[in-house]
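Student: Handing you a structure now.
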Amino acid sequence: MNLNKRQFLKAGSLTLASLSLSPVVSATESVVTSGPTDLNNITTNVKPITVTERKARITQAQKLMEQQDIAALILEPGAAMDYFTGIQWWRSERLTAVVIPREGDIAVVCPFFEEPSIRESLALGKDVRVWQEHESPFVLVNKILSDRKVAKAGGKIAFEHTVRYFVLKGVMELAPDMLDVRAETITLGCRMYKSEHEIQLMRKANEVTLKAYAYVWSQLQLGMDQNEVKTLMASAQSQLGGSNVWNMALFNEASAYPHGTKQSQTIREGSIVLMDCGCEVQGYQSDISRTFVFGEASKKQQKIWFNVREGQRIAFETAQLGVAAGVVDDKVREFYQTQGFGPDYKLPGLSHRTGHGIGMEGHESVNFVHGETTPLKPGMCFSNEPGIYLPGEFGVRLEDCIYMTEEGPKWFTVPPSSLSDPIGSMGK
């Protein structure tokens, strides 16, 4: 392959011209033609999560709490708080928290001076209780439990897994007759299974990233360093409508480090260019990796690239309904071992899990990793990224995300077919 600045992909594959996508979100939307430098915002018609959807999520959480005899759920700012309430906030030493009781309305606790800002993103509920700088927010949490009539001896309070220890300790010290438990059965019982709307938002985020990849690939030039390539990718994703964009670019020997190195690298003839990038659309994530070769690929580069592509295929074909998530990882490693890699996590080979859950966060439970027994069900979403890394030489990673349907797995983005067609296409 000759990666000249304005090169197009071969006819019949996904070209830059075919990467301008309809702004109408649809699970079946297809690629349409546009100009090769078209980086217009493709997310303008995307519909955000509605109040009705958030109410349904809370109802589902309360149903699970009833089944498990859990009195209340405590959340701090983060993806889970946003998922249920729409509140987009940060964490500091001043507590902002949401209490979802087993019955009744949710309530929010926040500093007095932050109340107007909190209410700006609060999608539902009116019970916002404020505390002054010299007061304890945990007293307010305890009062909410009492007002909702869920505070009782032996009752269980579930804490979302990222809640900090000082918060758990502060709540439980004022509720000594209650028990603290993990909230994963509630939060994962809701967030792990994406709705059609959530899938659509994730598709759009993937469209943004894939289109940006095609643009960046067309701009690669000899002598570029990693920062130049990352800047190109960040700008392209932002112009296309992605928010909170993130980008990684690894060249040559540095590509053997799955998450990067401080080594400074530039593009030369025959360079491996490994990129791992993503963005958000309405809070939902994309995560795509591509590996290019600048100039003519060596036989070894081609062999490793096609081994990784076969690993992706095996992972996809293995990820059927009812299969334990860990089996996906096992099958990929079995194949890699036949090719002389591994075994297990040993290098050269695949030193990380085959994939991770994805949604509002780039990494969510559950994972495609050895020993994971959770069965695959409709609505689950995963990355599929079985790389191969050769220390001191180069690495190859292809990453495309999948979602589970009643018929089995489907691609958000379809992996590329070869190093001469290295972008791929949108899934159907």
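The values are calculated or read from the model by the stated rules, or taken from the named source; none is laboratory data. Keep in mind it's a predicted model, so treat the numbers as computed, not measured. Cβ placement follows ideal geometry from the backbone for every residue including glycine, while neighbour counts extend to all protein chains displayed. Keep in mind that these areas ignore ligands, DNA and RNA; they rest on the heavy atoms of the full protein, side chains included. Shrake-Rupley method; radii C 1.70, N 1.55, O 1.52, S 1.80 Å.
Student: Is there a residue being surrounded by fewer than 17 Cβ atoms within 10 Å (Cβ to Cβ), within 27 Å of G357 (Cβ to Cβ) and not acidic (D, E) anywhere in the range 124-136?
Tutor: Yes: one or more hits.
Student: Next question. For the range 43-58, name all the residues that are among the β-branched types (V, I, T) and more than 18 Å from I87 (Cβ to Cβ).
Tutor: Within the range 43-58, T43, T44, V46 meet the criteria.
Student: How many of the residues in the range 163-183 are part of a loop (DSSP other than H, G, I, E, B) and either out of contact with any strand residue (DSSP E or B) (no Cβ under 9 Å at 6 or more places or on another chain) or basic (K, R) (or both)?
Tutor: The number of residues fulfilling the criteria is 4.
Student: Just one of the numbered conditions (1) under 30 Å from I199 (Cβ atoms); (2) surrounded by 22 or more Cβ atoms within 10 Å (Cβ to Cβ); (3) in contact with a strand residue (DSSP E or B) (Cβ under 9 Å, 6 or more places away or on another chain) is not true of Y284; which one?
Tutor: Only one criterion in (1) under 30 Å from I199 (Cβ atoms); (2) surrounded by 22 or more Cβ atoms within 10 Å (Cβ to Cβ); (3) in contact with a strand residue (DSSP E or B) (Cβ under 9 Å, 6 or more places away or on another chain) is unmet by Y284, namely (3).
Student: Right, next: If I ask for residues that are assigned to a strand (DSSP E or B) and out of contact with any Pro (no Cβ under 7 Å at 6 or more places or on another chain), which ones from the range 125-161 would you list?
Tutor: If the condition is that a residue be assigned to a strand (DSSP E or B) and out of contact with any Pro (no Cβ under 7 Å at 6 or more places or on another chain), then V128, R129, K156, I157, A158, F159 are the ones that fit.
For every residue, the table says whether it meets (1) under 14 Å from V308 (Cβ atoms); (2) touching a residue at least 12 places away in the same chain (Cβ under 8 Å).
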position	(1), (2)
G342	yes, no
K346	no, no
H363	no, no
K377	no, yes
N384	yes, yes
L390	yes, yes
D400	yes, yes
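Student: Looking at H363, H370, which one is more than 27 Å from K303 (Cβ to Cβ) and open to solvent by 50 Å² or more (accessible area, probe 1.4 Å)?
Tutor: On inspection, the qualifying residue turns out to be H363.
Student: Checking the conditions here, which among V328, V396 is within 24 Å of V273 (Cβ to Cβ), open to solvent by less than 10 Å² (accessible area, probe 1.4 Å), in contact (Cβ under 8 Å) with a residue 40 or more places away in the chain and more than 16 Å from the chain's Cα centre (by Cα)?
Tutor: Checking each option against the conditions leaves just V396.
Student: Does G340 satisfy the criteria of being surrounded by fewer than 19 Cβ atoms within 10 Å (Cβ to Cβ) and touching a Leu at 6+ places or on another chain (Cβ under 8 Å)?
Tutor: no
Student: Provide a single number: the residues in the range 231-277 that are of a type in the set (S, T, N, Q), surrounded by 19 or more Cβ atoms within 10 Å (Cβ to Cβ) and not in a helix (DSSP H, G or I).
Tutor: Total meeting the criteria: 3.
Student: Continuing with the same structure: Can you report the number of residues in the range 82-117 which are surrounded by 22 or more Cβ atoms within 10 Å (Cβ to Cβ) and assigned to a helix (DSSP H, G or I)?
Tutor: 3
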